[in-house]
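Below is one structure, written out as structure tokens, with a few remarks after it.
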Amino acid sequence: MTAANLGWCTDGCVTDQVVRFYEARARGGVGLIIVGAAGVDPVRKNQHRMMQICDDAYIPGLKNLTDRVHGAGAKIFAQLMHAGAYAKQTEHDGEIAVAPSEWFCPFTREKAIALTVEEIREIVRYFGQGARRAEAAGFDGVELIGSAGYLIAEFLSVATNHRKDAYGGSLENRMRFLTEIIAEIGSQVSPDFPVIVRLSGTDFVEGGNGPQGIRGHRTAAVTDGGRHRCDRRLARIGGAPDHQQRAPRHVPVPGQEPEG
Ligand SMILES: Cc1cc2nc3c(=O)[nH]c(=O)nc-3n(C[C@H](O)[C@H](O)[C@H](O)COP(=O)(O)O)c2cc1C
């Protein structure tokens, strides 16, 4: 079952409503539940009543969730997220959103500021800590959201990454944030703890990555695996395109066009 933010958490904590929702899916026969995204950054928290995994205080609530889902017979993964430029200031305690490069984000209609290398390294550590907490809370693995225009996808995409340093430019450089996260997670969890990545098949954004780009990510990830053990840890699931995409969502059926 693919990840979907239910918007039912309170102050980032799992509520009984969330637990009952996933437990019912497990009883209904779902084999692997990937829970809606959980925020790893303690400063730029996801609001929207989203799940948080940015502090040890969230572990007991998450443990209750995994126990109940396991009791109902399914496996359960946490999805680790940093919203990047998609973090609206009004929903993040007024914190200005961050991105690989300064960018006026068409989705939030707000400016995001470019991360410094020091800040990038800090966020890499946040992902590692999020994975450690997920394992401590009984999750069977973690998925990184590298799709849908969030921070990892913003680094991967040529449309949003205009950096001139080691994190921008070539495919290897644009993947560096992701591969560093995978390596950091590897140092914080058990050796057999699964880590998977959700990547978009295409950005569906003008000037962004198309299917060629995504094939490159896969190839580079496996190549990079020699150093970071990504080959054992990385799988591709496929994911939604960027939120600011302009792909047509509704195609009228001939003869059934709405009036006016
Ligand atoms: C309300 C809602 C919340 C979502 N939250 C997430 C999320 O947290 N992480 C994620 O990777 N995808 C998320 N998605 C995308 C879904 O996983 C899925 O890719 C999308 O709904 C398309 O699949 P469908 O055609 O079966 O609905 C969300 C989708 C919806 C509608």
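What follows is calculated from the coordinates using simple rules that are stated; it is not laboratory data. Keep in mind it's a predicted model, so treat the numbers as computed, not measured. So basically every Cβ, Gly included, is an ideal-geometry build from the backbone, and we count neighbours across all protein chains shown.
Put a dot 7 Å past the Cα of D16, heading toward its Cβ, do the same for A136, and the two dots end up 2.7 nm apart.
Projected label points at D67 and N173, each 7 Å from Cα along the beta carbon direction, are separated by 5.0 nanometres. Approximating the spin labels as points 7 Å out from Cα along Cα→Cβ, the R27-to-A57 distance works out to 3.2 nm.
Taking only the alpha-carbon positions of region 16-233 and ignoring solvent, what does the Debye formula give for the base-10 log of I(q)/I(0) at q = 0.09, 0.14, 0.16, 0.19 Å⁻¹? Rounded to two decimals, the profile gives -0.35, -0.85, -1.10, -1.43. Lysine pair count for region 16-233 (Cα-Cα distance under 24 Å; residues 8 or more apart in sequence or on different chains): 6. Between R125 and H48, the contour length at 0.36 nm per residue exceeds the Cα-Cα span by 25.3 nm.
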